[in-house]
Amino acid sequence: MMGDAVNETLYGRLGVPVIVNAKGAATRLSGGVLHPEVTAAMAEANAACVDMIDLHAAAAAEIAAATGAENGLATSGAAASLLLATAACMAGLDPAAMARLPDARGLKREIVTIRSQRNAYDHALRGAGARLVEVGLADRFAGAGIRDAEAWELEAAIGPKTAAVLWVANAKARPPLAEVVATAHRHDVPVIVDAAAELPPAAKLRAYIAAGADLVAFSGGKGLGGPQASGILCGRHELVMSAALQMLDLDLRWGDFDPPPSFIDKALLPGLPRNGIGRPCKADKGAIAGLLTALRRFLAESDAERTARWQAPLDHIRAELADLPLRLVEGGIPRLELQLADAAAADRLYRLLLAHRPVIHVDHGELDAGRLHIAPNCLAPGDAERIVEALATHWPRERRP
Ligand SMILES: *Cc1c(COP(=O)(O)O)cnc(C)c1O
């Protein structure tokens, strides 16, 4: 009976186990579970054909309205948005430069980055042909002091080859964005903000643009609740336009190219570039429809309503396991913190949850401190119960208070 039921599902037929994703919207765990309205929009979009420039222009208008930016682009993810942002800052509106990337000889190709903000996603910037120039010393993270990169260091690193300054949004990021923007703009250098994982709160959709950022990248598949491979790039009209020109399929005659100028202003171009460096960043019509639907749902729900919705399964787990040291950690996305005796105990429980059926993935980013975390935003219906059962089975009894 059970076997038959399993074989009636797509993942069952493929022999791919369905997991409980209590880690959050990680790419390696397939992101989250999409709301039925989002999947319905994706299916509807995929049932008809459109001119992709029309769809992208409509998406641009919605993204601009949601972010307060002049222009917007739907991409295949925040990393794609970062690659396109870099390519836009390097090539501007010059189709010959677009055609050459990632060969950046003769172009402004340096992206000034703050050493303490370096992360795995800067591959996306290098992929466009940029060179990263690091500034600052993260003494406060090394335990050697209290300081981090400062605006004067940024200023010293900006020169004639600087294409942009990158700022990775995070509550701990230094220098503050206002100082970075003021410094970069003094030299007419644009600021790219990586805000991939900063939603919610919803106010962040507008905050970086309002603070003067020239280009901002958001993930569609994280807090926004869109398709896993979707993202937003928003910002200044001509930079987003350059990004779009380096991503879109423009295999058409110049005379037949007629985009709305609010998205791509043909009057600013000498001709049409061919498939550019951003071609692998393309979002398909289903992903765009899913992203825009998720964006509308995100804006329609208040932060308080969203938090309450996410907190409900965490409250349920806590109520069912009242004898365990589970603590609610508030923040953009609330989490349940499981405090174990030490790192070894946390590692044991982590591995027992991975050996459980269904497999339970929790966040083990603070395992060294003996802590595991449960995130609510990627749980499917019934997952809270599965987590209760797994924790009741595997939590070390001798450690219970
Ligand atoms: C997740 C993340 C990205 C990549 O986002 P995708 O939408 O998965 O491409 C980039 N930068 C930061 C800081 C992130 O957290």
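The values are calculated or read from the model by the stated rules, or taken from the named source; none is laboratory data. Since we're looking at a predicted model, the values are computed, not measured. Cβ placement follows ideal geometry from the backbone for every residue including glycine, while neighbour counts extend to all protein chains displayed.
Might you let me know whether region 190-205 holds any residue that is among the charged types (D, E, K, R) and away from the ligand (no atom under 14 Å from the Cβ)?
no
When you scan region 81-119, how many residues do you find that are more than 16 Å from the ligand (Cβ to nearest atom) and among the small types (Gly, Ala, Ser)?
Total satisfying the criteria: 8.
Look at Ala267 and say whether it is surrounded by 14 or more Cβ atoms within 10 Å (Cβ to Cβ) and of a type in the set (A, V, I, L, M).
no
So, Leu132, is that one in the same structural domain as Gln228 (by TED's automatic domain parsing), without any contact (Cβ under 8 Å) to a residue 40 or more places away in the chain and farther than 20 Å from Leu205 by Cβ or not?
Taking the combined requirement at face value, the residue satisfies it.
For region 213-225, indicate whether the set of residues that are in a helix (DSSP H, G or I), within 17 Å of Thr86 (Cα to Cα) and away from the ligand (no atom under 16 Å from the Cβ) is non-empty.
Checked against the condition, which is being in a helix (DSSP H, G or I), within 17 Å of Thr86 (Cα to Cα) and away from the ligand (no atom under 16 Å from the Cβ), region 213-225 yields no hits at all.
Please pick out the residue among Asp148, Asp122 that is closer than 22 Å to Ala197 by Cβ, charged (D, E, K, R), surrounded by 14 or more Cβ atoms within 10 Å (Cβ to Cβ) and within 15 Å of the ligand (Cβ to nearest atom).
The match here is Asp122.
Residue under question is Pro280, and the condition is that it be touching a helix residue (DSSP H, G or I) at 6+ places or on another chain (Cβ under 7 Å) and exposed (fewer than 13 other Cβ atoms within 10 Å of the Cβ); does it hold?
For Pro280, the condition - touching a helix residue (DSSP H, G or I) at 6+ places or on another chain (Cβ under 7 Å) and exposed (fewer than 13 other Cβ atoms within 10 Å of the Cβ) - is not met.
Can you give me the ranges of the helices (runs of 4 or more DSSP H) entirely in region 28-124 with at least 1 residues that are closer than 30 Å to Glu153 by Cβ?
52-67, 78-91, 95-100
Would you say Val33 is touching a helix residue (DSSP H, G or I) at 6+ places or on another chain (Cβ under 6 Å), under 28 Å from His364 (Cβ atoms) and surrounded by fewer than 20 Cβ atoms within 10 Å (Cβ to Cβ)?
Considered against the rule, which asks whether it is touching a helix residue (DSSP H, G or I) at 6+ places or on another chain (Cβ under 6 Å), under 28 Å from His364 (Cβ atoms) and surrounded by fewer than 20 Cβ atoms within 10 Å (Cβ to Cβ), Val33 comes out as no.
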